[in-house]
1. When you scan segment 346-367, how many residues do you find that are assigned to a helix (DSSP H, G or I) and either in contact with an Asp or Glu (Cβ under 6 Å, 6 or more places away or on another chain) or farther than 28 Å from residue 37 by Cα (or both)?
2. For segment 125-144, give me each residue that is closer than 25 Å to residue 356 by Cβ and either assigned to a loop (DSSP other than H, G, I, E, B) or touching a residue at least 60 places away in the same chain (Cβ under 8 Å) (or both).
3. State the number of residues belonging to segment 139-190 that are under 19 Å from the mean Cα position of the chain (by Cα) and within 21 Å of residue 129 (Cα to Cα).
4. Which of the helices (runs of 4 or more DSSP H) contained wholly in segment 145-237 include at least 3 residues that are out of contact with any Lys or Arg (no Cβ under 8 Å at 6 or more places or on another chain)?
5. Cβ-Cβ below 7 Å, separation at least six or inter-chain, first residue in segment 199-222 and without any contact (Cβ under 8 Å) to a residue 24 or more places away in the chain and polar (S, T, N, Q), second outside any loop (DSSP other than H, G, I, E, B) and buried (at least 17 other Cβ atoms within 10 Å of the Cβ): which pairs?
6. Could you check segment 368-382 and list, in sequence order, the residues that are in a helix (DSSP H, G or I) and either within 23 Å of the chain's Cα centre (by Cα) or more than 18 Å from residue 25 (Cα to Cα) (or both)?
7. Is it the case that segment 285-298 has a residue that's surrounded by fewer than 21 Cβ atoms within 10 Å (Cβ to Cβ), in contact (Cβ under 8 Å) with a residue 60 or more places away in the chain and either closer than 20 Å to residue 86 by Cα or assigned by TED's automatic domain parsing to the domain that holds residue 95 (or both)?
Amino acid sequence: MIKEKLSSIGKDIYTVISELVQDTDIINLAKVSPEIPCSDGLTELAAKYIREKSAEYAHPNGLLELREAIAETIKKKYGVSFSARSEITVSAGATQAMYTAISSFVNEGDEVVLFEPAFNSYEPAIVSNGGRPVFVQRKQPDYHIDWEAVQKLINTRTRLIIVNTPHNPTGAVFTEEDIAQLKKITNGTNINVISDEVFEHIVFDRKKHHSILSDEQLAERSVVISSFGVTFNVPGWKIGYYIGSEKLMAQMRKKHLFQINTVNTPLQYALADFLKQGVDFSNIKKQFQAKRDFTIDLLKDSGFEIVPSKGTFYQLLDYSNLSDEKDTEFARRIMDEYGVALFPLSVFYHDSVDNKILGFSFAREEKVIKEAALRLNNIKKN
């Protein structure tokens, strides 16, 4: 009998909620995909290249034109240079990039430091490669990282630290001090870093995204993952990329070649052209900040305490003034009695820590947010 590597891991919360609300009038604010159309220009480029390039396989490392466009974008945004040929690889979305990176570094018995609440794809990838997750809880109310606690967990078995900024789903963002502390902890060790930065262009309130790439010494031991799905509202295209030193990239490409081989060719051409035309990433930030502010304003008189989101398109709500129920139970009651689906934050902790926090995505149409807020505002203390 084949041993099931992931026997303890079931469906993710978004899939569970999606199945529960199917064929109902429940408003699903736990929906992952944003309800924001991609630009007409990108859509037209996609149609053009589907007609012209669908018979081609792209290079396993990604279309060179796209990798060159990514390298130029990184140089403009962060002031650092990476080789399109040897240090950038196009992936079938960020999840595949994360799995490939983890499987490249983690062997049986290796320890991987994870910060909770943690996105649901990290732990399964670690476990399936024989690694052991070591969990560190982010500190409320702003979900910052206690780096002294991290330092105490580092030992000779520590192989990898996975960070995520802007953080999904709390909206916390790294500061310069976070970069400095991570650099200090890993300096002089064999520890690699994977930084999930898929929301890099969605940071609010004039805050700056501090990428791991911005520190030359830290970048040497790190892999940074990003996604066009989040940036351009095309998650269904499943195209992302990862960046790392030539040494690390060569190691990952050995896995990448046999895990995915190649990524959608026509859409790579479309993205390459779109990037070369020039993209004002500040408009992406403005668009989502406007949605966040609109949503917060609608909920300001509700019984929830709003936990400020500093990035991503997720917003957290503290309901401790409304109920003593477990977050899973309260989320289900809101779904059943008020017709709004929110996600309980406890599902993002390995031991189901319940801090009376629910979350949702505000990347929805304005009329949907309005109706959901109207229903949520009717929730009274029980």
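1. Residues of segment 346-367 that are assigned to a helix (DSSP H, G or I), as a first pass: 346-348, 366-367.
Next cut, either in contact with an Asp or Glu (Cβ under 6 Å, 6 or more places away or on another chain) or farther than 28 Å from residue 37 by Cα (or both) only: 346-348.
The number of residues fulfilling the criteria is 3.
2. Initially, segment 125-144 is screened for residues closer than 25 Å to residue 356 by Cβ, giving 133, 135-144.
Scanning segment 125-144 gives 133, 135, 137, 138, 140, 141, 142, 143.
3. Residues flagged as under 19 Å from the mean Cα position of the chain (by Cα) and within 21 Å of residue 129 (Cα to Cα) within segment 139-190 amount to 5.
4. Details: elements: 147-153, 176-186, 216-219, 228-231.
Where helices (runs of 4 or more DSSP H) fall fully within segment 145-237 and carry at least 3 residues being out of contact with any Lys or Arg (no Cβ under 8 Å at 6 or more places or on another chain), they are 147-153, 176-186, 228-231.
5. Close Cβ pairs (under 7 Å, with a partner that is outside any loop (DSSP other than H, G, I, E, B) and buried (at least 17 other Cβ atoms within 10 Å of the Cβ)) do not exist here.
6. Residues of segment 368-382 that are in a helix (DSSP H, G or I), as a first pass: 368-376.
369 - this is the single residue of segment 368-382 that is in a helix (DSSP H, G or I) and either within 23 Å of the chain's Cα centre (by Cα) or more than 18 Å from residue 25 (Cα to Cα) (or both).
7. No, segment 285-298 contains no residue that is surrounded by fewer than 21 Cβ atoms within 10 Å (Cβ to Cβ), in contact (Cβ under 8 Å) with a residue 60 or more places away in the chain and either closer than 20 Å to residue 86 by Cα or assigned by TED's automatic domain parsing to the domain that holds residue 95 (or both).
Residue-wise test of (1) within 30 Å of residue 14 (Cβ to Cβ); (2) of a type in the set (Phe, Trp, Tyr).
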residue: 153; (1), (2): yes, no
residue: 161; (1), (2): yes, no
residue: 164; (1), (2): yes, no
residue: 184; (1), (2): no, no
residue: 187; (1), (2): no, no
residue: 204; (1), (2): yes, yes
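The values are calculated or read from the model by the stated rules, or taken from the named source; none is laboratory data. Remember, predicted model here, so these are calculated numbers, not experimental data. Cβ: placed from backbone, ideal geometry, glycine included. Neighbour counts: every protein chain shown.
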